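Below: one structure, written as structure tokens.
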Amino acid sequence: MDERYDPKAIEPRWQKYWDESGLFKVAEDPDTPKYYLLEMFPYPSGKIHMGHVRNYTIGDVVGRYKRMRGFNVLHPMGWDAFGMPAENAAIQNNSHPARWTYENIDAMRAQLKQMGFSYDWDREIATCHPRYYHWEQWLFLKMYEKEMVYRKESFVNWCKTCQTVLANEQVEQGACWRCGKTVRQKKLAQWFFRITDYADDLLEYCDKLDGWPEKVTTMQKNWIGKSFGAEIRFPIEDSETRISVFTTRQDTVFGATFMCLAPEHPLVTELSQSTEQESAVAEFVDRMALLDRSDRAMETYEKEGVFVGAYCINPMSGRRMPIYTANFALMEYGTGAVMSVPAHDQRDFDFARKYGLEVIVVVRPEGKPLDGASMDEAYTGEGVMLNSGQFDGMSNEDAKEAIAAHMDKEGIGKKTVSYRLRDWGISRQRYWGAPIPMIHCDRCGVVPAPESDLPIELPEEADLLEGGKSPLPTLESFTRTTCPKCGGAEARRETDTMDTFVESSWYFDRYCSPDCDTAMFDREAVDYWMPVDQYIGGVEHAILHLLYSRYFTRVLHDLGLIDCKEPFTRLLTQGMVCKETTACPEHGFLFPTQVDWSEETPNCSICRNAVTVGRVEKMSKSKRNVIDPNTLLEAYGADTTRLFCLFAAPPERDLEWSEQGVEGGYRFLNRVWRLALDWMEPIQPVTAYSGSPDALDGNLRDLYRKIHETIRRVTGDIEDRFHFNTAISAVMELVNAMYGIDRSKPVEASTAGVMRLGLETAVLLLSPMVPHFSEEIWSTLGHEKSVLLAPWPEYRKDALQKEEITIVVQVNGKLRSRFDISADADDDTLKETALADERVQKFVAGKPIRKIIVVKKKLVNIVV
RNA sequence: GCCUGGGUGGCGGAAUAGGUAGACGCAAGGGACUUAAAAUCCCUUGGGGCUUGUCCCCGUGCGAGUUCGAUUCUCGCCCUAGGCACCA
């Protein structure tokens, strides 16, 4: 231990020690309780950012803490390595995505090591490696066998910029989640995973995930979007065909006066054929297909439609209903057809008024009349049925049941449910992904590749094309194969690759046995480690990745490959790392270095205009408010960087960047360092005091209590809540208390013993958060083994006890006085002492005492 | 519109089963050390009032309520962040 705290000198040394001693390498051990700790693995973009630093620091504290508590901790790290940035960068640099990716991985691994994270690096995986995606392809074949995956021609979300299909989950407000450009509909043959088969199960278990933030489970529930209603079939006039609709308001079926079909609905063209509406319909359908998805999705978007030239019959009322195709009917939801009840649905109402369609009221609010001709908005509330034949007079809630039962009996319709969740389209027309192991044969159609061909490797020699178009379809060495079924000469490999979210849906299983080359994973290993006990990552994955992973775990479970059904027992979603933005009216967002802060009003160093200091926002390149963790590492070292992330805010909240905050953390570590140096000489020969508190007195007794109180607080903060900020502040208090012990006098043995205990305790409690720093002091204190191998400290109950405690006195609930009294004084003594207090007397004097409330060891409240 | 969080000093944030609001840190101010600065150490710091006291009044987004007592529980509002959204 040097005179000066120098992170640059000590950090590499301990990192080397951890590496060489293999402290973080783990194996299955049935005799030790396991703890599988996982943070969301990064995309190898090139260098780590503050979000990673925060995420992995939180995880590392938990991992080191659990290890000290005696758990067998699995804490792996790897790379979500397929994806488009690699392709784009490769095109730009005239390089190859694989090279770019592996170089980035090397750079980022080095950075993570510099942070001192406790990973078992032997288990590192990269999803772009054939050894990994081999088993993804294998699983695809298993799923194909069980009909969990299928191919279908359908309208898909197409991003022109990225030249690929997007899943519904990847479309945000009508735009591509990655590039932000408008997404259009395109008809393509795609591979789908039947996630909707699991909709109910995924939904049901949302309420059983006690260790998940409610926020996330509600988001998933909303995404699955289960609605209860009925399916009703409307016969088409002069036809055998019937139109099926889904509705949640079957009670209003008598009020249905027209029908709306989505423009993509197959019946639209069929029904309009050779009617005088044909051309008008065709024109409308074409126009809709070209529209931006975002525009069409706007609620405020003008409702419009075209009569298709045919009618259907309301099976309940017998009414003849014109059939329209309308822009507000969505092919993706329900059956793509809407029975329109203008009196009780606002959209239908708007549409009916626009095209002069009839409005019939069938539910009336209690005690009020309602007239279809004169009403100016739809009535969507509850009420009494009318104009509904035998159901008149019922409450509409009762009618929902009654009408559904009636329709069921008559074969008109039945109760059913509908989901918002769609099947997961996984085909991507990109190069840098796992090839889908299927073969197209002219004779046999689509045929699965034989298992013995796996892995179907991505050809490395491919030249990437400008614009991002996949080179695979033109690469004959890849596409040409023979049909495994008929053996014919001509067959082509599928050239689509899988969505990268497929890789991240099972990587946590692979970590259990990353080197297994005979199966996806070793059964024993996966059964020992899974499920993940604690998962940590950003909320931005609340739906996408977390829902897919839950789905995949169910698939693996149902294929008999794994025991558990839910992958993540506890989930922590950490907040974002934010910083204020600065913008110049002329030059837009500025880097902090482009701002001259020395003047009274900060100004732009380019044009001297005053800059506006904007809102605190998530660090992002476009806002130019990012702090590179490297600069922190350079200036302060890993421990200060970690400490800042932990101290500035509790993990689930957003963290605001503060230069002074970092400085403060560094100052604290220096303070502890100096304390240790100052006392090292007297405490080195003694052992930590472990006797009874009764043998101590005065300051020493107080410090002894403080030490044990700190153990209690820190342990509770970490164990129950992951509130590292309060854990750190508790240790700060302890350190402050130790500074209160006089060092100038010759040090007595008892003082040295308690000081040693205090110092060792502070170091142990801090060790998960600032590991290098702690190891350094710990070893100087004479310990030969790593601080990680020391058991987590336990507090003594008898040390916490106080002989004298402070009792607060309130009069009518207001604080008026306080006094110190023996801790075991009884209620009557407390009352008497409180009443005798002269400050209390001022407020009580002369007034009748109504009641006295005594709270043990805390307060006395006198009510007058 | 619907669903989730969150509103506490100049700032980040404490208050774990309704019981001393503002722990800890930052910033600010004062002092000590120093020729000086940095670093360090000590003190003050929610607002207001005066009779400077272990004083009084106000204070946790706003308005009610429950309670001896509410940052904490209930109801109604306002603001804010995030998610979903023409979902039939």
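On the basis of the beta-carbon distance and an R0 of 45 Å, residue A:358 and residue A:178 show a calculated FRET efficiency of 0.45. Here residue A:409 is the anchor, and the lysines within straight C-alpha reach of less than 19 Å, apart from those fewer than 8 places off in the same chain, are A:400. At an R0 of 45 angstrom, the distance between the Cβ atoms of residue A:414 and residue A:729 translates into a FRET efficiency of 0.15. Ordering A:206, A:167, A:156 by Cα displacement along the dipole of segment A:152-216 toward the positive end leaves A:156 in first place; charges were set at the Cβ atoms of Lys, Arg (+1) and Asp, Glu (-1).
If you look at the Cα atoms of segment A:622-755, you get an Rg and a Dmax of 18.0, 63 Å. The heavy atoms of residue A:148 present about 30 square angstrom of accessible area, all protein chains included, probe 1.4 Å. Here segment A:249-266 is scanned for amide nitrogen atoms under 11 Å from the site 7 Å beyond the Cα of residue A:291 along Cα-to-Cβ, giving A:263-264.
Could you please state, rounded to a whole Å, how far the C-alpha centre of segment A:604-618 is from the C-alpha centre of segment A:111-162? Using only Cα atoms to place each centre, the spacing works out to 42 Å. Based on the Stokes-Einstein relation at 20 °C and a viscosity of 1.002 mPa s, and on the Kirkwood radius from alpha carbon pairs, segment A:197-275 is assigned a translational diffusion coefficient of 134 µm²/s.
Computed over protein heavy atoms with a 1.4 Å probe, the accessible surface of segment A:425-489 works out to 47 Å² per residue. The length gained by stretching the chain between residue A:98 and residue A:196 to full extension, at 0.36 nm per residue less their Cα-Cα distance, is 31.9 nm.
Per-residue ellipticity at 222 nm computed for chain A from its helices equals -11000 deg cm²/dmol, with DSSP H segments shorter than 4 residues left out and the rest contributing -39,500 (n - 2.57).
Taking the Kirkwood radius as Rh and the Cα radius of gyration as Rg, chain A has a ratio of Rg/Rh equal to 1.06. With the simple model of a label 7 Å out from the Cα in the direction of the Cβ, residue A:91 to residue A:580 spans 4.0 nm.
Along segment A:523-537 the Karplus relation, 6.51 cos²θ - 1.76 cosθ + 1.60 evaluated at θ = phi - 60°, assigns HN-Hα couplings of 4, 5, 5, 5, 6, 6, 8, 6, x, 4, 6, 9, 10, 9, x Hz to successive residues, with x for each Gly and Pro. Candidates A:807, A:647, A:308 compared by Cα position along the dipole of chain A: farthest toward the positive end lies A:807, with charges placed on Cβ. Maximal additional length on extending the residue A:375-residue A:597 stretch stands at 73.8 nm, based on 0.36 nm per residue less the C-alpha distance. Projecting the Cα positions of A:389, A:552, A:619 onto the charge dipole of chain A (unit charges on Cβ atoms of Lys, Arg, Asp and Glu, taken about the Cα centre) puts A:619 furthest along the positive direction. By accessible area, using a 1.4 Å probe on protein heavy atoms only, segment A:170-256 has 44% of its surface on carbon and sulfur.
For segment A:341-425, relative contact order (Cα pairs under 8 Å, six or more residues apart, normalised by length) works out to 20 percent. In a simple Cβ point-charge model (Lys, Arg +1; Asp, Glu -1; nothing else charged), segment A:544-680 has a dipole of about 400 debye relative to its Cα centre. Taken along the Cα-to-beta-carbon direction at a fixed 7 Å, the label points for residue A:820 and residue A:160 span 8.0 nm.
Of all the accessible heavy-atom surface of segment A:1-73, with the other protein chains kept in place and a 1.4 Å probe, what percent is carbon and sulfur? Could you put the intermediate results ahead of the total?
Details: 1550 of 3020 Å².
Reported share for carbon and sulfur atoms: 51 percent.
Counting only protein heavy atoms and a 1.4 Å probe, segment A:685-843 has 47 square angstrom of accessible area per residue. The calculated FRET efficiency for the pair residue A:804 and residue A:864, based on their C-beta separation and a Förster distance of 22 Å, comes to about 0.20.
Amide H contacts of residue A:241 (H built 1.01 Å from N, in plane; Pro and chain starts excluded): A:236 sit under 5 Å, all sequence-distant by 5 or more or on other chains.
Calculate the tail of P(r) for segment A:1-71: the fraction of all Cα-Cα distances greater than 21 Å, expressed in %. Every Cα pair in segment A:1-71 considered, those over 21 Å come to 47 percent.
Could you list, in their original order, any pairs among A:187/A:469; A:208/A:623; A:146/A:187 whose Cα atoms are separated by more than 29 Å? The answer is A:208/A:623.
The mean sequence separation of alpha-carbon pairs under 8 Å and at least six residues apart, normalised by the residue count of chain A, gives a relative contact order of 13 percent.
Structure note, pairs A:814/A:858; A:25/A:785; A:142/A:565; A:226/A:368; A:25/A:66: Cα-Cα distances above 23 angstrom occur for A:226/A:368. For segment A:459-464, putting each phi into the Karplus relation 6.51 cos²θ - 1.76 cosθ + 1.60 with θ = phi - 60° gives couplings of x, 7, 7, 4, 9, 6 Hz, in residue order, rounded to whole numbers and with x for Gly and Pro. Taking every alpha-carbon pair within segment A:406-527, the share separated by more than 19 Å comes to 64 percent. Straightening the chain between residue A:248 and residue A:749 buys 172.4 nm, computed as 0.36 nm per residue apart minus the Cα-Cα spacing.
The values are calculated or read from the model by the stated rules, or taken from the named source; none is laboratory data. Note that this is a predicted model, so its numbers are computed, not measured. Note that we place each Cβ from the backbone using ideal geometry, even for glycine, and neighbour counts take in every protein chain shown. Areas reflect the complete protein model, heavy atoms only, side chains present, ligands, DNA and RNA absent. Shrake-Rupley method; radii C 1.70, N 1.55, O 1.52, S 1.80 Å.
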